[in-house]
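Let me begin by presenting the structure, written as structure tokens, before commenting on it.
The values are calculated or read from the model by the stated rules, or taken from the named source; none is laboratory data. None of the values given here were measured: they were computed from a predicted structure. Note: ideal-geometry Cβ built from the backbone for every residue, glycine included; neighbour counts use all protein chains shown.
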Amino acid sequence: MPPQPSEGGDGRLPMALSAAAISIAAFALLLSLAIPGPTGGVGPTGPQGPTGPMTLAAYDEQEGGWTINATCTHYSGAEVSITVPGPGTIVASATIQVTLEHATGVEDLVWMFIGMTAVDCTLGSRLIIANVEEVEGAGNYIETVPGIRPLAVTAPGTYSFYVNGLMVNGQSQGDELTRAELVAIFYPQ
């Protein structure tokens, strides 16, 4: 037999019960969001992501006398190479020590370079200079000078920097490159 409509009453009780049921359901939903359930298991490891931008550095040092000629002279062993992943700027810096054998009355003047090759003695704004004035007494003078060479790169690759020198004036057998420290730092774009 099908259900029969109820008799009597004005229908307020069913409405009140429906409103109460909706309120209880909303409260239960909020409670389930506020009190989390148990943590699930750990999933599989995902693939390796791409390498992010980072600074790279390379270092080299050389010690020992190497005669500086009146022509472009590479300080053998005083070079650094850095491999970069893409575009950015490489800043190569060097601290170079020279010994200058000085004779009174003659200025000793050496130009030094952080070159891109072992025969790069190109004049420019990055010229590194050491000198002993002609009025100074005869003897060996030790000079330590810093230098820097920035290089903008547009592609990945390996870039090398070399310590080179050239005696401009007062060249003698005792004029030597005696120590060099090079650092190349890459800053990505």
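Couple of notes before you dig in:
Per-residue answers, yes or no, for (1) more than 19 Å from S76 (Cβ to Cβ); (2) of a type in the set (A, V, I, L, M, F, W, C); (3) at pLDDT 95 or above:
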site: S93; (1), (2), (3): yes, no, yes
site: Q97; (1), (2), (3): no, no, yes
site: V110; (1), (2), (3): no, yes, yes
site: I114; (1), (2), (3): no, yes, yes
site: V135; (1), (2), (3): yes, yes, yes
site: G139; (1), (2), (3): yes, no, yes
site: E143; (1), (2), (3): yes, no, yes
site: T154; (1), (2), (3): yes, no, yes
site: M167; (1), (2), (3): no, yes, yes
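- Within segment 41-92, the set of residues being loosely packed, with under 11 Cβ neighbours inside 10 Å, under 29 Å from Y187 (Cβ atoms) and hydroxyl-bearing (S, T, Y) comprises T51, T55.
- Residue count for segment 11-49 satisfying the condition of being outside any helix (DSSP H, G or I) and at pLDDT 65 or above: 15.
- Scan of segment 132-179 for residues that are surrounded by 15 or more Cβ atoms within 10 Å (Cβ to Cβ) and within 21 Å of the chain's Cα centre (by Cα), ordered by number: G147, R149, L151, V153, Y159, S160, F161, Y162, V163
- Test: T89 is assigned to a strand (DSSP E or B) and closer than 30 Å to P50 by Cα: yes
- Residue selected from segment 112-131 under the condition among the small types (G, A, S) and either in contact with a Phe, Trp or Tyr (Cβ under 7 Å, 6 or more places away or on another chain) or under 25 Å from Q189 (Cβ atoms) (or both), by the criterion surrounded by the fewest Cβ atoms within 10 Å (Cβ to Cβ): S125
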